[in-house]
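Bear in mind that the values in this text are calculations on the coordinates, not laboratory data. Note that the coordinates shown come from a computational prediction; the quantities given were computed from them, not determined experimentally. Because the Cβ atoms are built from the backbone with ideal geometry, glycine has one as well, and the counts that use them run over all protein chains shown.
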Amino acid sequence: MHTLTLTPPARSNTGTVIQIGSGALMLAKNLTRKYDRVAFLFDVGIELIAEKVMSTLGDCVRIPVRSGDASKSLTEVDRIVSVMLEAGCTRKTLLICIGGGMVTDLGGFVASVFMRGIPCVLAPTTLLGMVDAAIGGKTAVNVGTTKNMIGTTTHPESVLIDTELLQSLPDSQLAEGLSEVIKIAAMLDKPLFEWLENVMPQILKRQPDILEECVVRAVSAKVNIVQTDEHDQKERLLLNFGHTVGHAVEALSHYKLSHGNCVSIGMTAEMKLSDCKDSSRIEKFLQQAGLPLAIPSSMQPKDLWNVMLSDKKNENGLVKIAVPKHLGEGIVLTLTQEKFLTLFP
Ligand SMILES: NC(=O)c1ccc[n+]([C@@H]2O[C@H](COP(=O)([O-])OP(=O)(O)OC[C@H]3O[C@@H](n4cnc5c(N)ncnc54)[C@H](O)[C@@H]3O)[C@@H](O)[C@H]2O)c1
């Protein structure tokens, strides 16, 4: 078992303890002892896994959530809070959230607002959740068709990453997570990128020790960035590689295209808009992971640009993108509409 601690700058002596390894979920019971009550939020798609963990916890408030991003809504927040209140949850309740990024975003948000905040444990079950969504304290729900419109930056007490769960993930979902791993490595960690290039066949075959090392190294790189810049002021912006164009593609597909696939498309487009020296190597790697590279031809360049402009990070008719200058060395660039349109000759 690997243990990492994420200590945000504002909290000098208490941090999030992140435990990574096969069987990490069974550590949940050790984390509940100091609380009066435990509420257990889980994605129904992984009910069997959730039941196994709940059986180790004794009495707890069971809160199933339907799979899919539609559950990341204020309506669901209302329902979950009502269930918790009816079950007698108080400020001394611990909320355990188990599922992919949908559940960790939703549950993290509920924990951050329930009675002005209760502690929570996140147990991500997808690769994307393990290396990205559950690390760094960003919680969110969608409003209408706008993704992640309402949220908080609130860190969990603990994150339990059970890498054994990666064995049951569908191939498409593994690829989604790899898109975020490749992003992290390309922007922050050249040795990680080079190691990934060498072990990609073993990753795709789900060799347990290699998957575990992949998660540990990607999480460590993200932890370092969040500890340096918790609130996206500087270094953390580098983790937006692929996300500016990617979010626009995701929105114009009406969220029918998945997040990880759109990030891969976004990374490819954003590298074309910069003079990234290693773009062909990164593109090759995305392809090897089974990820798409091209913006769907049905999407209009102007519509993409307008969605990008509406992002909270952009202003004055300009759009910011984060790209690797070289492998492991990310930079933030400002993009004009004219430059963006060069993508579509
Ligand atoms: N907070 C952040 O920093 C952050 C970062 C990236 C993404 N996100 C959010 O994460 C969400 C996407 O997360 P996701 O890709 O994990 O999708 P998800 O949570 O919707 O899960 C995808 C599917 O995988 C299934 N699943 C989960 N674990 C499984 C397992 N071990 N075996 C088999 N099936 C399993 C689920 O039932 C679901 O059907 C989006 O809402 C996105 O906005 C948040």
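See the values below:
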{"quantity": "Rounded, prolate or oblate (a/c below 1.5 giving rounded, otherwise prolate when a/b exceeds b/c) for segment 29-169 by Cα gyration tensor", "calculated": "rounded"}
{"quantity": "Angle in degrees between helix 171-188 and the longest Cα principal axis of the chain, rounded to the nearest 10", "calculated": "70"}
{"quantity": "Compactness index (Cα Rg / 2.2 N^0.38 Å), segment 171-341", "calculated": "1.00"}
{"quantity": "Degrees separating the helix 74-86 axis from the principal Cα axis of the chain, which is the longest one", "calculated": "10"}
{"quantity": "Zone of Met149's modelled label, taken as backbone nitrogen in segment 74-100 under 18 Å from a point 7 Å along Cα→Cβ", "calculated": "74-79"}
{"quantity": "Given Lys138/Lys325; Lys205/Lys339; Lys222/Lys320, the pairs whose alpha carbons are separated by over 30 Å", "calculated": "Lys205/Lys339"}
{"quantity": "Beta bridges per DSSP with both ends in segment 2-168, % antiparallel, nearest 5", "calculated": "30"}
{"quantity": "Surface/4 of the Cα convex hull for the chain, nm²", "calculated": "16.2"}
{"quantity": "DSSP beta bridges in the chain [antiparallel fraction, %, rounded to 5]", "calculated": "45"}
{"quantity": "Cα-centred dipole magnitude for the chain, charges only on beta-carbon of K, R (+1) and D, E (-1), debye, nearest 20", "calculated": "520"}
{"quantity": "Tensor-based shape of segment 197-265 (alpha-carbon gyration tensor, a/c under 1.5 rounded, otherwise prolate or oblate)", "calculated": "oblate"}
{"quantity": "Packing-based order for 104-115, 18-29, 271-282, 57-68, using average beta carbon neighbours within 10 Å, highest first", "calculated": "104-115, 18-29, 271-282, 57-68"}
